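Input: a single structure, listed below in structure tokens.
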Amino acid sequence: MKLYQQLILFVLTATAIPLVVGLVVLSRNESQLLDGLMESRRESAARLAELVDRDLGEVLERIQAALGYVKIEGMSADEMEGLLGIVYKQSEDIIQVALVDDRGKEVTRGVYLERPEDYPEYQGRLDVSVQRHQVFVGSLPLDKALSAPPGSAYISRPQALKGSAFPCITILFPLLHVEERATRICAVEFSLAHVVARVLESGYARGWQATILDPTGGEMMESSLDESGRLTKKETAIGATHAKIRAGKKRGAFLVGEAILAFAQVGLTDWSVVLWQEKEAVWSEVRQARYMTLAWTGASIFALLVLGSLFTGRITRNLRRIAAGAESFSKGALDTRITLESRDELGLLARTFNQMGEDLEKSRQEIEAWNRELAQRVEERTRELEIAHRRLLETSKLAAIGQLGAGVAHEVNNPLVGILGNVQLLLLKQEDGKTREVLSEIEGSAKRCRDVIQKLLHFSEQEEEHDHLPVDLNKVVEDAFSLTRQRFESQQIEVRWNLDADLPELLGDQRQLMQVFLNLLSNARTAMPDGGVLEIETSRRESEIVAQVRDTGRGIPPEQIDRIFEPFFTTKDVWTNTGLGLSESYRIITDHGGRIVVESTLGSGSSFKVVLPVGRGVGE
């Protein structure tokens with residue numbers, strides 16, 4: 001049996017049996033039916049009161065939440081006005097908002113709209129003039145709000161609202177200002193338009209008249225809808241209902257003359273929702289229902305059959321969509337979504353499929369993200385290996401140059417000693433002034449060659465391991481600068497110090513480290529022949545100590561930065577030294593387990609950072 005056939009059989013059975021039983025019960029006990037109708041009206045009034053209570057409660061919660069997000073202590077007038085703006089946006093039924101002190105004086109400008117039609121997002125709001133806002137502030141029941149604890153809310157009695165068919169209420173929220181030890185009151189004028197509309201719509205849909213009573217028995221509003229849909233007025237048994245309320249009853253239903261009255265109290269207030277309906281209208285409905293039951297039974301069954309066919313067709317179509325979506329998922333199309341507006345089990349199944357697709361797609365995205373992160377880490381490690389490789393090549397290059405230099409130096413040194421000795425002997429024997437001048441120049445050049453060879457030999461020889469003792473890097477830098485202070489002053493170079501007084505000691509050779517900073521200071525001074533600024537800074541970064549020498553000199557061309565640590569390489573226009581200073585400094589810092597980082601901008605200056613480990617050294 002197909003699905004729609006099973007549904008038809010079920011509809012016939014489920015419709016016919018309750019219908020027959022209902023007719024029998026209705027015929028035998030109309031008094032019980034009346035009790036049931038009154039109970040139904042009572043429950044309707046209770047549900048309507050709960051809806052009104054929930055609507056008001058939601059507005060109060062939103063406003064209290066908005067006021068509770070911040071504290072008014074220390075807030076400026078503009079910030080307070082912004083807070084009132086947030087409160088104003090909590091409900092479209094809010095007409096205006098004000099913030100006053102315990103004397104009723106506004107502490108900041110109120111929030112309201114004089115021409116709400118100029119703001120599309122506030123269409124439907126009621127307009128408020130400045131004069132009306134002043135009247136609102138001046139009529140606030142401050143004594144009620146001041147007697148209420150902070151964090152609570154006081155709701156005033158409903159009042160007629162000029163220019164509107166619906167009443168309004170004033171809601172006061174006391175706020176404690178701790179610094180001033182005073183109370184601030186946030187006053188909200190709230191329209192009951194939606195509350196009234198809900199009561200009216202409920203009564204009109206069921207043929208009732210609806211009203212709301214205040215604690216004194218006065219009607220906040222009492223209305224019904226005629227055939228044209230306009231509001232009308234009609235007398236009701238309000239006095240009898242108010243007597244029940246004064247007797248302490250929260251809800252109930254009873255007969256008053258030829259009418260059925262049902263009422264229920266709104267939880268947040270002392271209001272009561274009252275529904276009224278003529279008894280004759282109720283009984284006419286019962287009689288009409290009895291007479292029309294049989295006539296409608298056939299039509300209902302036929303309609304149910306048609307609707308059943310449509311319903312089963314809809315179920316079949318939804319099942320096909322779900323099946324197509326499952327097939328797409330199985331093929332890897334995880335972005336496929338099943339669109340079903342149904343809220344039944346099929347809709348739940350479709351939402352479950354969609355959630356499963358989102359979870360699978362999210363998992364795939366996470367895997368792809370991990371792959372990208374892994375690739376990035378591999379790239380970073382590769383870059384680190386390349387840097388280490390370049391350092392290894394630099395060290396190998398320095399070692400090779402050192403060995404070559406040692407061989408050349410030994411070969412050149414002996415003939416050079418002979419040349420220098422002979423020149424000096426000639427100087428002792430020669431009396432001619434011009435010849436002595438030429439010999440002196442030869443002697444000076446030979447001595448210069450001798451010094452270069454000695455430094456080359458020193459660079460190529462493996463120094464003995466020095467004991468690495470605790471060293472104060474700040475003192476090393478200061479001592480190195482003291483040896484060249486006069487030269488910096490003579491070139492009118494401004495020196496700026498920024499030494500970390502809490503710098504920890506490191507293990508190293510103080511003499512070698514001083515030589516490094518002498519070379520760096522000498523290079524910085526040479527780079528600023530016309531004066532400039534020299535910055536010397538020390539700092540600690542985690543497990544490393546950083547000493548930085550920064551000048552405002554000529555800078556180093558980008559294509560030469562990678563070569564500055566090569567022996568005999570220089571960026572100077574004229575050779576004034578051997579070109580071994582940075583090479584020797586690089587070797588010393590490397591032996592100490594550190595590194596030299598160079599940053600330079602052509603025309604703006606250079607920065608040399610010496611990075612050394614804390615508590616580490618060669619031989620440790």
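Checked against (1) modelled with pLDDT under 85; (2) farther than 28 Å from residue 448 by Cα; (3) open to solvent by 70 Å² or more (accessible area, probe 1.4 Å), residue 573 passes all but a single condition, namely (2).
Residues checked against (1) open to solvent by 10 Å² or more (accessible area, probe 1.4 Å); (2) in contact (Cβ under 8 Å) with a residue 40 or more places away in the chain; (3) more than 28 Å from residue 162 (Cβ to Cβ); (4) not β-branched (Val, Ile, Thr):
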| position | (1), (2), (3), (4) |
| --- | --- |
| 44 | yes, yes, yes, yes |
| 65 | yes, no, yes, yes |
| 73 | yes, yes, yes, yes |
| 96 | no, yes, no, yes |
| 103 | yes, no, no, yes |
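Criterion first (of a type outside the set (S, T, N, Q) and more than 20 Å from residue 62 (Cα to Cα)) does residue 111 satisfy it? Lay out the reasoning, then the answer.
Values: of a type outside the set (S, T, N, Q): yes; more than 20 Å from residue 62 (Cα to Cα): no.
When the stated conditions are applied, residue 111 does not pass them.
Residues in region 142-156 that are open to solvent by 30 Å² or more (accessible area, probe 1.4 Å) and touching a Phe, Trp or Tyr at 6+ places or on another chain (Cβ under 7 Å) were compared, and the one that is nearest to residue 267 (Cα to Cα) is 153. Among residues of region 471-493 that are at negative phi and touching a residue at least 40 places away in the same chain (Cβ under 8 Å), those with a beta-carbon under 7 Å from a residue that is among the basic types (Lys, Arg) and assigned to a helix (DSSP H, G or I) at least six positions away or on a different chain give the pairs 484/525; 488/525; 491/525; 493/525.
May I ask you to say which residue of 238, 260 is in contact with a strand residue (DSSP E or B) (Cβ under 8 Å, 6 or more places away or on another chain) and at pLDDT below 65? Spell out the reasoning first.
Numbers: 260 fails: at pLDDT below 65.
None of the others qualify; the one that does is 238.
When residue 102 is tested against (1) part of a helix (DSSP H, G or I); (2) more than 28 Å from residue 198 (Cα to Cα), only condition (1) is not met. What about residue 147, is it of a type in the set (S, T, N, Q), over 37 Å from the mean Cα position of the chain (by Cα) and under 19 Å from residue 182 (Cα atoms)? Yes; evaluated as a whole, the condition is true for this residue.
Of the residues that make up region 342-357, is at least one more than 19 Å from residue 315 (Cβ to Cβ), touching a helix residue (DSSP H, G or I) at 6+ places or on another chain (Cβ under 8 Å), in a loop (DSSP other than H, G, I, E, B) and aliphatic (A, V, I, L, M)?
Residues of region 342-357 that are more than 19 Å from residue 315 (Cβ to Cβ), as a first pass: 355-357.
If we keep only those that are touching a helix residue (DSSP H, G or I) at 6+ places or on another chain (Cβ under 8 Å) too, we end up with 356-357.
Add one more test, that the residue is in a loop (DSSP other than H, G, I, E, B), and what stays is none.
Checking region 342-357: not a single residue is more than 19 Å from residue 315 (Cβ to Cβ), touching a helix residue (DSSP H, G or I) at 6+ places or on another chain (Cβ under 8 Å), in a loop (DSSP other than H, G, I, E, B) and aliphatic (A, V, I, L, M).
When you look at residue 43, is it modelled with pLDDT under 90 and not β-branched (Val, Ile, Thr), yes or no? Answer is yes for this residue. Per the listing 111, 195, 107, 188, the residue uniquely touching a residue at least 40 places away in the same chain (Cβ under 8 Å) and more than 27 Å from residue 48 (Cα to Cα) is 107. Would you check if residue 170 is free of Cβ contacts under 8 Å to residues at least 60 places away in the same chain, assigned to a strand (DSSP E or B) and open to solvent by 10 Å² or more (accessible area, probe 1.4 Å)? In short, yes.
Look at residue 190 and say whether it is part of a strand (DSSP E or B), in contact with a strand residue (DSSP E or B) (Cβ under 7 Å, 6 or more places away or on another chain) and either farther than 22 Å from residue 81 by Cβ or of a type outside the set (Val, Ile, Thr) (or both). Yes. Would you confirm whether any residue within region 401-419 is open to solvent by less than 100 Å² (accessible area, probe 1.4 Å), in a helix (DSSP H, G or I), modelled with pLDDT of 70 or more and closer than 30 Å to residue 332 by Cα? No, region 401-419 has no match at all. When residue 566 is tested against (1) on the phi > 0 side of the Ramachandran plot; (2) of a type outside the set (S, T, N, Q); (3) at pLDDT below 85, exactly one condition is not met: (1). Residues being surrounded by fewer than 20 Cβ atoms within 10 Å (Cβ to Cβ) and acidic (Asp, Glu) are represented in region 502-522 by at least one member. Listed by first and then second residue, the pairs with beta-carbon distance under 8 Å, at least 6 apart or on different chains, first residue in region 140-155 and in a loop (DSSP other than H, G, I, E, B), second open to solvent by 40 Å² or more (accessible area, probe 1.4 Å) and not hydroxyl-bearing (Ser, Thr, Tyr), are 150/176; 151/64; 151/68; 153/64.
Of all the listed residues (460, 396), the sole one being loosely packed, with under 11 Cβ neighbours inside 10 Å, modelled with pLDDT under 75 and of a type in the set (Ser, Thr, Tyr) is 396. For region 52-61, the condition of being charged (D, E, K, R), at pLDDT below 85 and not in a loop (DSSP other than H, G, I, E, B) holds for none of the residues. In region 126-141, what count of residues is obtained for those that are of a type outside the set (Asp, Glu) and open to solvent by 30 Å² or more (accessible area, probe 1.4 Å)? Qualifying residue count, region 126-141: 10.
Yes or no, residue by residue, for (1) modelled with pLDDT under 90; (2) over 46 Å from the mean Cα position of the chain (by Cα):
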| residue | (1), (2) |
| --- | --- |
| 527 | yes, yes |
| 535 | no, no |
| 547 | no, no |
| 556 | yes, no |
| 562 | yes, no |
| 577 | yes, yes |
| 580 | yes, yes |
| 583 | yes, yes |
| 588 | yes, yes |
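Hey, any hits in region 88-96 for a residue that's of a type in the set (Ser, Thr, Tyr) and either over 32 Å from the mean Cα position of the chain (by Cα) or in a helix (DSSP H, G or I) (or both)? Yes, region 88-96 contains a residue that is of a type in the set (Ser, Thr, Tyr) and either over 32 Å from the mean Cα position of the chain (by Cα) or in a helix (DSSP H, G or I) (or both). If you filter region 310-341 down to residues that are of a type in the set (Lys, Arg) and in a loop (DSSP other than H, G, I, E, B), you find that the one that is least open to solvent (accessible area, probe 1.4 Å) is 337. Say whether the condition of being at pLDDT below 75, of a type outside the set (Ser, Thr, Tyr) and part of a helix (DSSP H, G or I) is met by at least one residue in region 263-279. Yes, the conditions are met somewhere in region 263-279.
The values are calculated or read from the model by the stated rules, or taken from the named source; none is laboratory data. Given the structure is predicted, the values throughout are model-derived calculations rather than measurements. With ideal geometry, Cβ positions are generated from the backbone for all residues, glycine too; neighbour counts draw on all protein chains shown. Just so you know, the surface numbers come from the protein's heavy atoms only, side chains and all, with ligands and any DNA or RNA stripped out. Shrake-Rupley method; radii C 1.70, N 1.55, O 1.52, S 1.80 Å.
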